[in-house]
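Q: This is the structure I want to talk about, given as structure tokens.
The values are calculated or read from the model by the stated rules, or taken from the named source; none is laboratory data. The model shown is predicted, which means the values in this text are computed figures rather than measured ones. Backbone-built Cβ (ideal geometry, glycine too); neighbour counts: all protein chains shown. In case anyone asks, the SASA skips ligands and DNA or RNA and just uses the protein heavy atoms, side chains included. Shrake-Rupley method; radii C 1.70, N 1.55, O 1.52, S 1.80 Å.
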Amino acid sequence: MSSPGVNGDPKPPCLPRNGLVKLPGQPNGLGTASITKGTPAAKNRPCQPLPPPTLPPSSLATPMPRAALAGGLCPPAGLPLGGPASAPVPGPPVERPPLATDEKILNGLFWYFSACEKCVLAQVCKAWRRVLYQPKFWVGLTPVLHAKELYNVLPGGEKEFVNLQGFAARGFEGFCLVGVSDLDICEFIDNYALSKKGVKAMSLKRSTITDAGLEVMLEQMQGVVRLELSGCNDFTEAGLWSSLSARITSLSVSDCINVADDAIAAISQLLPNLAELSLQAYHVTDTALAYFTARQGHSTHTLRLLSCWEITNHGVVNVVHSLPNLTALSLSGCSKVTDDGVELVAENLRKLRSLDLSWCPRITDMALEYVACDLHRLEELVLDRCVRITDTGLSYLSTMSSLRSLYLRWCCQVQDFGLKHLLAMRSLRLLSLAGCPLLTTTGLSGLVQLQELEELELTNCPGATPELFKYFSQHLPRCLVIE
């Protein structure tokens, strides 16, 4: 049956036409809607814009009346207010670079990649290389160059030094050269544009540098303030006396067989601004540690004595009196140091924030009592391979509210009872229990109470089972557990 129209005339029923169904008016006053087969219905919008009115051709050259403009009327889209004479001339379309080469986007994107990945990405195209070769992407990284990588072999068999412009473009301030000779170092200085002033740190490892080469390097490279010599057995203590410069603030010497007490004398006399000294020398004695001057007592904040087997408690006495402002001290591998030496450290170096006593087999729980009572600022404590440490020593450490990192690798006497003391240390962020054979799954599971823990190392721990790791993943979701 047809519905009546407005004037009483019958209204034809709704009929489909080309897939479009015309719906009758709705009683809610929202108007009509159109539904196309196969598509969802469009929502009714009561405030949809009306299409522009169709004007006769004669009106296109006539300006809009001011009254109409004052009444809020707007000309249709594309119609100028003042006629064709004032119509703006459309400019050429703005061409934007593709996303893959848009430098603004790439500058933000490349921060999410590691250094190795950036090296690969720089080979994709010139646009990517241009963006990636900005120094900001390489801050804090040190290129490692082996001697065989410094030369290209020409067809005639001759060698040509490699082009280092790519390193200069990225603004590297430090280099590690491995297996180089005096000649290689001279070639590096001549071919790297930033070598004279721009290089701040140099590391030479397993190299045959001599006293002459060391002297030339530090004389030519005036910007070097951090120097590392590792496994370099051809320079002598005389070379240190002739080459060390007062501008050096950080020095690391390890596995160099010619380094002994006289080398420490050269360091103490020639480096008044030394802030950090790392020394691994098997023949350094207690006497050498008394050479440090008052100037270094104010400037030096980090001292690492690694595997200095001849150092005893007397050497520790010299250290605490000569360098009272130390904030980081390592006696790792100083096997003759005992609890009395640790007591001297705790009583005299109250500013310490990091203390490494690893591989000191004579250290006992008594040393940990000294540490807990006097070193209230200590944030890091390394006790790896201190085989005499027991649960009693851990009970002393549980009172240290500032301690954030604790390393107990291969402390073979630590048991579950000792772990219970650590549960009160809410400031702990890193805990290493690798190789502790007496810890059980039950004792380790209690570590879930340390909810602020960020890293937990359980390598070679018999009590660390797959079920325990699953338990940690559920109850310590923010902690990195190293299996």
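Q: How much accessible area per residue does segment 114-245 have, counting only protein heavy atoms and a probe of 1.4 Å, in square angstrom?
A: I get 51 Å² per residue for this part.
Q: Please report the antiparallel percentage of the DSSP beta bridges confined to segment 147-218, to the nearest 5.
A: 40
Q: What is the gain in length, in nm to one decimal, between Val124 and Cys412 on full extension, counting 0.36 nm per residue of separation less the C-alpha to C-alpha distance?
A: Extra length available between Val124 and Cys412 comes to 98.5 nm.
Q: How high is the relative contact order of segment 374-440, in percent, with contacts defined as C-alpha pairs under 8 Å that are six or more residues apart?
A: Relative CO of segment 374-440 lands at 37 percent.
Q: Something else now. Taking a 25 Å limit on the Cα-Cα distance, which of the listed pairs Lys104/Lys126; Lys197/Lys351; Lys200/Lys351 fall beyond it?
A: Exceeds cut-off: Lys197/Lys351; Lys200/Lys351.
Q: Based on the alpha-carbon gyration tensor of segment 360-465 and its eigenvalue square roots a ≥ b ≥ c, which shape applies: rounded if a/c is under 1.5, prolate if not and a/b is larger than b/c, or oblate?
A: oblate
Q: Which loop-located GluC sites (Glu not before Pro) does segment 300-349 contain, where loop means any DSSP state but H, G, I, E or B and the Cβ has at most 10 other Cβ atoms within 10 Å?
A: Here no GluC sites (Glu not before Pro) fit, given the DSSP loop and packing criteria.
Q: Output the Kirkwood hydrodynamic radius of segment 411-456, Cα pairs only, in Å rounded to one decimal.
A: Final number for the Kirkwood radius of segment 411-456 is 10.8 Å.
Q: At a 1.4 Å probe radius, carbon and sulfur cover how many percent of the accessible area of segment 275-398?
A: 50
Q: Give, as a single signed number, the net charge of other residues whose beta carbon lies under 14 Å from the beta carbon of Asn107, with Lys and Arg counted +1 and Asp and Glu -1.
A: +3
Q: Label Glu160 and Ala115 with points 7 Å out from Cα along Cα→Cβ: what is the distance between them in nm?
A: 2.9
Q: Compute the Rg/Rh shape ratio of segment 421-483: radius of gyration over Kirkwood radius, all on alpha-carbon atoms.
A: We get a ratio of 0.91 for segment 421-483.
Q: Just need log10 I(q)/I(0) for segment 101-225 at q = 0.17, 0.21 Å⁻¹, Debye formula, equal scatterers on the alpha-carbon atoms, no solvent, rounded to two decimals.
A: Log10 of I(q)/I(0), two decimals: -0.92, -1.20.
Q: Given a 1.4 Å probe and the protein chains all in place, what does the accessible area of Val144 round to, in Å² to the nearest 10?
A: Solvent-accessible area, nearest 10 Å²: 80 Å².
Q: Using alpha carbons only, how many angstrom separate the centre of segment 434-476 from the centre of segment 195-217?
A: 46
Q: Here's another thing I want to ask about it. How many percent of the accessible area of segment 167-253 is carbon or sulfur, using a 1.4 Å probe?
A: C and S fraction of accessible area: 50 percent.
Q: Go ahead and collect, in residue order, the members of segment 227-247 whose backbone nitrogen is under 12 Å from a label point 7 Å along the Cα-Cβ direction of Arg206.
A: The answer is 231-232.
Q: Moving on. What does the accessible area of Trp359 come to, in Å² to the nearest 10, when a probe of 1.4 Å is used?
A: Trp359 exposes around 140 Å² with every protein chain in place.
Q: In Å², and per residue, what accessible area does segment 297-367 have when probed at 1.4 Å with the other protein chains present?
A: Working: 2730 Å² over 71 residues.
Result: 39 Å² per residue.
Q: Right, another one. With every protein chain left in place, what is the accessible area of Trp241 in Å² (1.4 Å probe, nearest 10)?
A: For Trp241, the solvent-accessible surface is approximately 100 Å².
Q: OK, next. What residues have an amide H closer than 5 Å to that of Ser278, excluding those fewer than 5 places away on the same chain, when H is modeled at 1.01 Å from N in the peptide plane?
A: Here the answer is Leu251, Ser252, Val253, Arg304, since their amide H atoms fall under 5 Å of that of Ser278.
Q: Can you run phi through the Karplus equation (6.51, -1.76, 1.60; θ = phi - 60°) for segment 266-275 and list ³J(HN,Hα) in whole Hz, with x for Gly and Pro?
A: Each residue of segment 266-275 in turn: 5, 4, 5, 7, 9, 10, x, 9, 4, 9 Hz.
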